[in-house]
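A short write-up of the structure that comes next.
The values are calculated or read from the model by the stated rules, or taken from the named source; none is laboratory data. All figures in this text were calculated on a predicted structure; none of them were measured in a lab. Neighbour counts run over all protein chains shown; Cβ positions are idealised from the backbone, glycine included. Note: areas computed on protein heavy atoms with side chains; ligands, DNA, RNA excluded. Shrake-Rupley method; radii C 1.70, N 1.55, O 1.52, S 1.80 Å.
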Amino acid sequence: MRHIHPQPSRPPAPHRQRDGWLVALRAALRALLFVLVVGMAAACALPSLLLGLCCWFWAVTAYDPREFQRGLLAVSIFGVGVYGLWLWLADPLPWLWRGILFALTWHLLPSLEHLLGWLWAFNLWLAPLCGLLLVHLAPVSWPSLLARFCRGQMLPLSSDRTSGGSSAHQGVAQVPSVLAPAVLAMLPRSQTGHAVLGAYQWGELEQWVSHGELCIPPNLLELHGLLLGEPQMGKTWTLIRLAAIAQQYGRKVIYIDMKGSQKTAALFLATMSLLQIKQIKIYPIEAYDGWRGTPKALYNRLMEQIDPRSHPFYRTGVGSTLVSLACHAPGGMPRNSYEFLARLDADWLKAAYAGDGQALREIEALEPHLQGAHLVFAGFFRGIAGGLDGSWAFEDGDACYIGIDSIANKEEAALLGRYLLEDAADYATARKSPDEHVLLIIDEFGGLRSTNATALYEKVREAGMSVYAAAQSYQSLGEERDQVVASSFVKILHRTGDPRPIVAYAGEREQYAYARVVAGSENDEDVFHPLANHVREERAQGMQTMMRPETVLTVPVEDVQQLERGQIALISGGRGGFVQVYPLAIPEPLIQAATSLLQAAPPFTPLTPPPASPTSAKPKQGRKKKIAASPSSSKTNVPSQGAASSKNRQAGKGSQRSGSAGGGERPLTPQTEGQGMPQLPVQELMPQSAQSSEEQKIDSEQESDDEVIDFYR
């Protein structure tokens, strides 16, 4: 990459300058009006000012601040109306002011106190208006600080950081000076050291609010979450922002996209490149290695490929026994799909388990069903065309994106997603270091059609992995939607059609509603026509106005249904709030470069199929004598070159594979022979560097091959 000298930042765009001046002017006018209101109220209506401060305090700490402010507005209008009517009828202000000036001139203190008392008492009608003005004119940080102080949740505003925040701050500090302004603009930090999600609008989440902005503390990302939202409402941007915040806190991010959007992949690649993440892995540019871990973990992943809806017979004892025999063979676990499919053969299994009488009896019982089970797995592996025979896994990347095209691969998308989900669980519980934290994001969670999501949520959280499931609606989460929602500590809602099952987790509250009822009567005419044939006074006596308590949701359903783009309702711990999520400030040239890179990158090359020889699927030569002694040995033709491969398998027996070299040598795809995920020229694409458009383009000499790859050639 060419060396770039740091250059001064470019001036902001004219419209951004205009917006900045408007914001500054609005803040200055707000501060001036606040000072004028407080000064005039202290001089002319001191009791009204004190009552207004009480109203402001109640508005900030109320259970529903928005409802309290509505009531305060109604009372203020009533008070101003009475005040104006009194001025019009009695006009007491002129003689009061003349008396006050006369008492001040002649130093008549008793008379001055008497007149000021009358003036203050008359201005008490303006106390609700004074409180309403204080609510809207007070600095934005005061209400949140006051609410947190009253609730005993005051956070220190010093430069101290939590462990997660300090590591993230050090990571940002290591970014070159030419990139630091862009990173800080993309992910601003509050005075508490926590990353900012967006502007806090209203609600009950003041414990996470700092200076009018809702922040995400590091410990919040250690718990499971849920995100729902209709298309074009900002759901993907919120997920990418959460991924960037997790990286800022030093966490690994795994993003499984069940819709396989190239736009999302480009946005993920641009964001992680801007954050200077070194190891970025993207599928399907590089094939994934799905054969790591223990034989039992591999067995669990392979069993997910037998859909109980379409293959209930093979999901039971037949498939379980067959997969267990193939994974726990004495020669070691299979290392790619070809080796696994080769083991789904009666002759191979009998030769491998020649000394195990129980296994031979199981193989004889399975023999009539082997061909059907073989076709179930062969169809899946042919459909993904070597996608699980790659050279990298979750432990090899700092940021991993896996895009599964559920339209082009309709039948295999859910199976591949469940396979990777099981592998992520095995990585979290057995293959990663205990002090490493991981954020797993699953976009379009319902596309997995998973039946064990609840078990996944329970066993990976303690191991240091948190899962954020995203979907377009509550119904699209799948069959286990109730369990997924109940297991999620944080629930984020963009605009969605039916948010009732989610907003119920914010709790309910009581409020009083007015109702007018008709008094009972013994006359049938009064029952069927209560207001007919009565004079006005009689009708007034027959009507009653009453207040009755009713239970309503803390987060109104209609408010969620009317959210604008980028607005969210966040629910956690029985409380809710509304936030305007900040969009990521990613330079447009960087996004374009990421898109060009993904379009020009060639697809991965699958492993070379084994030769079409019947002897290639037989076990190692070391068991040739035992095979000859068995009744079925006459059917087995053991190749002479199997002894060399048996040593490699025996060397890796009983050990857990980690990295790309564990368990013996492995056929390499073109990506592992000196190539990896190409790095984006982030410094050249930043707006601060005066680069020409030709220097920002991505070399696209290699054309992408979109032809269907024949898995068996």
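Some values worked out for this structure:
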item	result
So LEU109, is it closer than 27 Å to LEU132 by Cβ and either open to solvent by less than 50 Å² (accessible area, probe 1.4 Å) or out of contact with any Pro (no Cβ under 7 Å at 6 or more places or on another chain) (or both)	no
Any hit, the range 440-451, residues being among the hydroxyl-bearing types (Ser, Thr, Tyr) and over 21 Å from GLN247 (Cα atoms)	yes
Any hit, the range 321-333, residues being open to solvent by 30 Å² or more (accessible area, probe 1.4 Å) and of a type in the set (Val, Ile, Thr)	yes
Hits in the range 380-423 (condition: within 17 Å of SER261 (Cα to Cα) and hydroxyl-bearing (Ser, Thr, Tyr))	TYR401, SER406
Neighbours by Cβ (under 6 Å, 6+ apart or cross-chain): first from the range 353-375, farther than 11 Å from THR321 by Cβ and open to solvent by 40 Å² or more (accessible area, probe 1.4 Å); second part of a helix (DSSP H, G or I) and at pLDDT below 90	GLY355/LYS626
Index of the failed condition, GLY317 passing every other in (1) part of a loop (DSSP other than H, G, I, E, B); (2) surrounded by fewer than 21 Cβ atoms within 10 Å (Cβ to Cβ); (3) not hydroxyl-bearing (Ser, Thr, Tyr)	(1)
Close pairs from the range 440-463: first free of Cβ contacts under 8 Å to residues at least 40 places away in the same chain and of a type in the set (A, V, I, L, M), partner assigned to a loop (DSSP other than H, G, I, E, B) and surrounded by 16 or more Cβ atoms within 10 Å (Cβ to Cβ), Cβ under 8 Å, at least 6 apart	ALA453/GLY478; ALA453/GLU480; LEU456/SER450; ALA463/LYS432
Members of the range 464-474 that are closer than 26 Å to ASP423 by Cβ and either in contact with a Pro (Cβ under 8 Å, 6 or more places away or on another chain) or open to solvent by 60 Å² or more (accessible area, probe 1.4 Å) (or both)	GLY464, GLN472
Single unsatisfied condition, ALA428 versus (1) surrounded by 16 or more Cβ atoms within 10 Å (Cβ to Cβ); (2) touching a residue at least 40 places away in the same chain (Cβ under 8 Å); (3) touching a strand residue (DSSP E or B) at 6+ places or on another chain (Cβ under 8 Å); (4) aliphatic (A, V, I, L, M)	(2)
Residue check for GLU444: among the charged types (D, E, K, R), closer than 23 Å to GLN483 by Cα and open to solvent by 10 Å² or more (accessible area, probe 1.4 Å)	yes
Qualifying residue in the range 481-491 (condition: closer than 28 Å to GLY379 by Cα and of a type in the set (S, T, N, Q))	no
Enumerated strands (runs of 3 or more DSSP E) restricted to the range 475-585, each holding at least 3 residues that are farther than 30 Å from GLU230 by Cβ, open to solvent by 10 Å² or more (accessible area, probe 1.4 Å) and at pLDDT below 90	508-518, 543-553
In the range 586-602, the residues that are touching a Ser or Thr at 6+ places or on another chain (Cβ under 8 Å) and buried (at least 17 other Cβ atoms within 10 Å of the Cβ)	ILE586, LEU590, ALA594, SER596, ALA601
Residue count for the range 80-99, restricted to those that are in a helix (DSSP H, G or I) and over 19 Å from SER48 (Cα atoms)	6
Residue list for the range 234-246, filter: touching a Ser or Thr at 6+ places or on another chain (Cβ under 8 Å) and either in a strand (DSSP E or B) or open to solvent by 10 Å² or more (accessible area, probe 1.4 Å) (or both)	THR236
Subset of the range 191-223 [part of a strand (DSSP E or B), open to solvent by 20 Å² or more (accessible area, probe 1.4 Å) and either in contact (Cβ under 8 Å) with a residue 40 or more places away in the chain or out of contact with any Phe, Trp or Tyr (no Cβ under 8 Å at 6 or more places or on another chain) (or both)]	ALA199, TYR200, GLN201, TRP202
Residues of the range 306-319 satisfying the condition of being modelled with pLDDT of 70 or more and farther than 11 Å from ALA373 by Cα	ASP307, THR316, GLY317
Filter result for GLU339 (out of contact with any helix residue (DSSP H, G or I) (no Cβ under 7 Å at 6 or more places or on another chain), open to solvent by 40 Å² or more (accessible area, probe 1.4 Å), modelled with pLDDT of 90 or more and of a type in the set (Asp, Glu))	no
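Per-residue answers, yes or no, for (1) modelled with pLDDT of 95 or more; (2) of a type in the set (D, E, K, R); (3) in a loop (DSSP other than H, G, I, E, B):
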residue: GLU412; (1), (2), (3): no, yes, no
residue: LEU415; (1), (2), (3): no, no, no
residue: ARG418; (1), (2), (3): no, yes, no
residue: ALA425; (1), (2), (3): no, no, no
residue: SER433; (1), (2), (3): no, no, yes
residue: GLY447; (1), (2), (3): no, no, no
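Rundown of residues vs (1) at pLDDT below 85; (2) over 30 Å from GLY574 (Cα atoms), yes/no style:
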| residue | (1), (2) |
| --- | --- |
| ALA43 | yes, yes |
| VAL60 | yes, no |
| GLY71 | yes, no |
| LEU85 | no, yes |
